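The values are calculated or read from the model by the stated rules, or taken from the named source; none is laboratory data. Values in this document were obtained by computation on a predicted structure and should not be read as measured data. With ideal geometry, Cβ positions are generated from the backbone for all residues, glycine too; neighbour counts draw on all protein chains shown. Remember, those area values only see protein heavy atoms, side chains included, never the ligands or the DNA or RNA. Shrake-Rupley method; radii C 1.70, N 1.55, O 1.52, S 1.80 Å.
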Amino acid sequence: MVIYRLQHISLLALCALALSLACGSPLKASSVVNITRASTPGSDKAAEFIDFFMGEELRSKAQWESLQPLLHKNKAWLKEADAAFTNGRSKIKAGLTEFENFELDKAIDNFNAALSLFERHVEAITDYQEVSELLLVLGATHIFRGEEELGYERLIQALTLATDIQPDPAIFNPRMRNLFDQARDEVADNPNASMLIKSTPGYAKIFVDGKFMGVSPQSLKKVKVGRHFIRIEKDGYRPWGKIYRVRKDRKNEILANLEAFNKYDAFDSLCEEFVLSSQYAPENLQGSVSKLGEALKANFLLASIVEADGNTVNLKTSLWNVAAGKELKSAKTTFSKGRSAHYQKEIEEFYEANFNEELTSPQEETEVFALNETSYGGAPTCMGIRCDVLQRNVFITGLALGAATVVSGLVLNYLAYQDNLDYRNQVQISQQAQDLRTSGERKAIIGDVLWAFGSASILTGLGVYFFWQPPAYDEGNPEEQSNRSKAYPTLSLGLQGKW
């Protein structure tokens with residue numbers, strides 16, 4: 001019965017996948033990469049500010065998946081951190097159970113182990129509230145065990161990391177709550193200190209406890225004395241992280257050496273080619289965009305070029321459909337240099353006025369599906385998808401669905417055969433023999449149905465692939481043929497993108 005249910009669930013899932021493909025639904029949202037480049041001396045720092053706030057607009061407003069350049073293609077470095085965080089969360093769960101059972105020594109061991117796992121991967125932390133809550137419960141456990149000074153220090157660390165955190169009433173008794181209030185007042189009264197942050201290469205984004213603080217090299221004047229989580233980011237480089245204790249009466253200085261991602265040099269060359277084409281060779285711009293989009297594996301590209309003229313920033317941003325090699329929207333603006341909040345306001349207004357509608361309500365011609373040959377202007381469609389893409393979808397789905405169901409059917413038939421052998425070795429009138437017979441018959445019927453359905457799926461996929469001839473592209477349109485040859489030099493059956 002368990003095998004029957006598992007096979008039934010897998011069959012339904014595979015059928016749903018086939019129906020999704022056949023009806024032309026996108027398998028994932030389109031992806032857009034934000035690229036910002038400085039084109040004149042003195043514009044690098046402004047470009048980094050613009051890049052950050054443009055990326056924030058995309059992540060908060062665009063309906064498409066926003067990807068950071070090269071980061072989404074170099075995720076191997078995150079595997080160790082993800083495994084550590086998963087292990088840390090399991091230790092937190094175990095520690096909370098031990099706390100409830102008054103096994104305080106074991107609880108503290110688990111909480112400290114979890115904290116160590118998070119702190120060894122500062123560059124990959126995105127949820128600082130999670131770490132702050134861990135510090136808070138660790139402090140409460142120390143206090144409960146009678147180690148008030150050590151527990152109070154953990155409360156200070158938690159509140160320095162996230163000033164708005166609140167204690168759990170189920171854990172904090174009145175005494176602990178009083179110490180928490182005292183720690184919160186102390187953190188609020190802590191003096192500020194300055195901290196100089198530099199990076200190699202320069203002009204990287206600085207985050208302190210998850211908050212954007214500027215672009216390196218940067219002297220931060222108002223950083224609370226205490227323990228902080230520092231992260232440095234720059235497009236094309238692996239994020240850098242460190243826990244740093246800021247002190248009042250000493251020189252606080254950090255130098256971050258960033259490690260370039262694989263294929264950074266090629267990415268940097270393509271970005272430079274794009275900038276030069278935009279400025280001096282517009283006839284090469286379409287080719288530059290196509291190569292850049294292919295290297296980043298993105299459907300759309302939001303590219304900005306920044307020029308600095310004294311105290312003035314000139315910004316030109318364009319949105320490109322990479323597959324079609326087509327510029328969908330272009331806009332310019334000019335504003336004066338200023339602080340971080342000034343850049344934020346200018347970019348918010350610029351994005352809202354020029355790109356928000358394009359990136360939230362794409363036109364039909366900008367729709368991109370998950371397969372690597374996607375929408376193309378002028379291409380014939382079948383059920384809302386390009387006919388050749390639909391043909392390949394049916395072929396792949398037919399083979400995958402058919403193979404899975406045929407194997408499932410053969411497994412059930414084999415199990416039915418085993419039941420039949422066991423049935424023959426039993427006393428025929430016994431209840432056990434009757435149960436084996438019933439079970440074997442059920443498995444045999446289901447196995448035959450799955451085997452037949454799988455065979456039909458495979459034959460359907462092969463028939464569509466070899467005997468259905470989709471409508472051809474307009475051979476008389478040289479521009480379309482040129483665009484297609486640039487965008488899709490080879491035919492691939494593989495799926496790309498993030499599921």
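Express the relative contact order of segment 136-272 as a whole percentage, based on alpha carbon pairs under 8 Å and six or more residues apart in sequence. If you can, show how the numbers build up before the last one.
Working: 225 pairs, mean separation 27.3, N = 137.
With pairs under 8 Å counted, the relative contact order is 20 percent.
Rounded to whole Hz and in sequence order, give me ³J(HN,Hα) for segment 390-398 from the Karplus expression 6.51 cos²θ - 1.76 cosθ + 1.60, θ = phi - 60°, writing x for Gly and Pro.
4, 4, 5, 4, 5, 5, 5, 5, x
Under a crude label model (7 Å from the Cα following the beta-carbon direction), how far is Leu276 from Ala341 in nanometres?
Inter-label distance under the simple model: 4.2 nm.
Going by a ≥ b ≥ c, the root eigenvalues of the Cα gyration tensor, does segment 54-131 fall in the rounded group (a/c under 1.5), the prolate group (a/b larger than b/c) or the oblate group? The partial results should precede the final answer.
Values: a/c = 3.67, a/b = 2.33, b/c = 1.57.
Note, shape of segment 54-131 comes out prolate.
When the chain is fully extended, how far beyond the present Cα-Cα distance does Asn101 get from Asp422, taking 0.36 nm per residue of separation? Mind showing how you got there, number by number?
Working: separation 321, 0.36 × 321 = 115.56 nm, distance 4.93 nm.
Stretched out fully, the Asn101 to Asp422 stretch lengthens by 110.6 nm.
Along the charge dipole of segment 61-194, pointing to its positive end and built from +1/-1 on Cβ of Lys, Arg, Asp and Glu, which listed residue (Thr163, Leu67, Ile92) has its Cα farthest out?
Positive-most Cα among the choices belongs to Leu67.
Could you tell me the accessible area of His228 in Å² (1.4 Å probe, neighbours in place), rounded to the nearest ten?
Per-residue accessible area (His228): approximately 10 Å².
As an exercise, use a Förster radius of 51 Å and the Cβ-Cβ distance of Asn190 and Tyr465 to find the FRET efficiency, rounded to the nearest 0.05. Walk me through the intermediate numbers first.
Values: r = 69 Å, r/R0 = 1.35.
For R0 = 51 Å, the calculated efficiency reads 0.15.
Sticking with the crude label model, points 7 Å out along Cα→Cβ, report the distance from Glu283 to Lys93 in nm, one decimal please.
With each label point 7 Å from Cα toward Cβ, the separation is 6.3 nm.
Quick one: which of Lys93/Lys221; Lys297/Lys345; Lys75/Lys291; Lys234/Lys316; Lys221/Lys263 span more than 28 angstrom between C-alpha atoms? Present the calculation step by step, with values, prior to reporting the outcome.
Values: Lys93/Lys221 39 Å; Lys297/Lys345 31 Å; Lys75/Lys291 22 Å; Lys234/Lys316 21 Å; Lys221/Lys263 37 Å.
Pairs exceeding 28 Å: Lys93/Lys221; Lys297/Lys345; Lys221/Lys263.
Report the Cα centroid-to-centroid distance between segment 394-463 and segment 251-293 in angstrom, as an integer.
56 Å
Calculate the spin-label point distance for Lys329 paired with Ala83, positioning each point 7 Å from the Cα along the beta-carbon direction, and give it in nanometres.
For Ala83 paired with Lys329, the spin-label model returns 4.3 nm.
Rounded to whole Å and ordered largest first, report the semi-axes of the equivalent ellipsoid of segment 234-343 derived from its Cα gyration tensor (root of 5λ). Before the final figure, lay out the partial values.
On the way: eigenvalues 215, 89, 29 Å².
Each semi-axis is the square root of five times an eigenvalue, giving 33, 21, 12 Å.
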